[in-house]
Amino acid sequence: MMLAGCASHAPAPVIERGAPAREAAASKPALAVPVGGEGRVLYTVKKGDTLYSIALEHGQDYKDVAAWNNLDNPNRIQVGQQLRVSPPEGEEPVAVAKPVLSSAPVETKTEGGGASGGANNGVNSGANTASFKREPKGGTVPYSDEALARLREPAPAAEKLADRPVEKAAEKPAAAEANPRGTPPPTGDDAVDWAWPAPGKTLAGFVDNGAGGNKGIDIGGKLGEPVLAAAAGKVVYVGSGLRGYGNLVIVRHNASYLSAYAHNSKILVKEAQAVTKGQKIAEIGNSDADQVALHFEIRRLGKPVDPLNYLPAR
């Protein structure tokens, strides 16, 4: 029985505690850096989706999305299909933490002035050296009439502040007129010089209620009035493939921003065409709408934002 009891115990597992942590990390797949409208790399196609709507929702050119997914026909996508909605360059390997190399030992000075563990190098001597200064010293001087007179003399550089002209701080330039919502447009690499795409009144504002709402603003106008590019950029879509938008133009302005112009009666630009700020790109209409108006959207990384936070006040 004693022999059987000894034989029933399994040997203790051997753990290599000195194994580098990077071997465990190497066994895990690299995580893709999520980018796009909602921080996703892959998107699962739902009923009613088109490649054009998917690209718009993620701030991408539909041609790029088709290329990333090897789609010969952009009109052929299936429900449940997973599509890449960010460029392959967005994937980055897992960062491996590098050990911090210890630097050379730092030489310290003792209270006596000498280097710890080393020679004195003359620091304790009374003379000044390149790395250690002993003079000049502060202190008192013996009393004398000459010293007292010298102390009573006003310093030549001392001036009364009241005698100096008061210098006014440079006035800051007046800030740009705030937009109606009080949120200034972003600055830096994301900055876009926006302008109104049509002169009409705002008929409906931006509504982000999580259940559809209004993803932009509706600007009134007459049939055939010009629609202007709100900023310089490149046309990435022209057509009527997005339900509810009618004849649509989408312009990409930089890596972050798109603008969309919907319900046009006539489109005057082509895909891949460069446009300038204020250029006429379409004419106001009522395609796929119940009234003549321009529906205008600004999207940042595919997410609709309130255009009134970006357009200049008027």
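Each value in this text was obtained by applying a stated rule to the coordinates, not by laboratory testing. Everything numeric in this text was worked out from a predicted model, so none of it was measured. Cβ placement follows ideal geometry from the backbone for every residue including glycine, while neighbour counts extend to all protein chains displayed.
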Exercise. In the list 216, 239, 246, 205, which residue meets the criterion of being touching an Asp or Glu at 6+ places or on another chain (Cβ under 8 Å) and at positive phi?
Worked result: 246
Problem set entry | Filter result for residue 299 (in contact with a helix residue (DSSP H, G or I) (Cβ under 9 Å, 6 or more places away or on another chain), basic (Lys, Arg) and closer than 19 Å to residue 193 by Cβ) | yes
For this session: Take the residues in the stretch 227-285 that are among the charged types (D, E, K, R) and over 26 Å from the mean Cα position of the chain (by Cα), then tell me which one is surrounded by the fewest Cβ atoms within 10 Å (Cβ to Cβ).
Result: 270
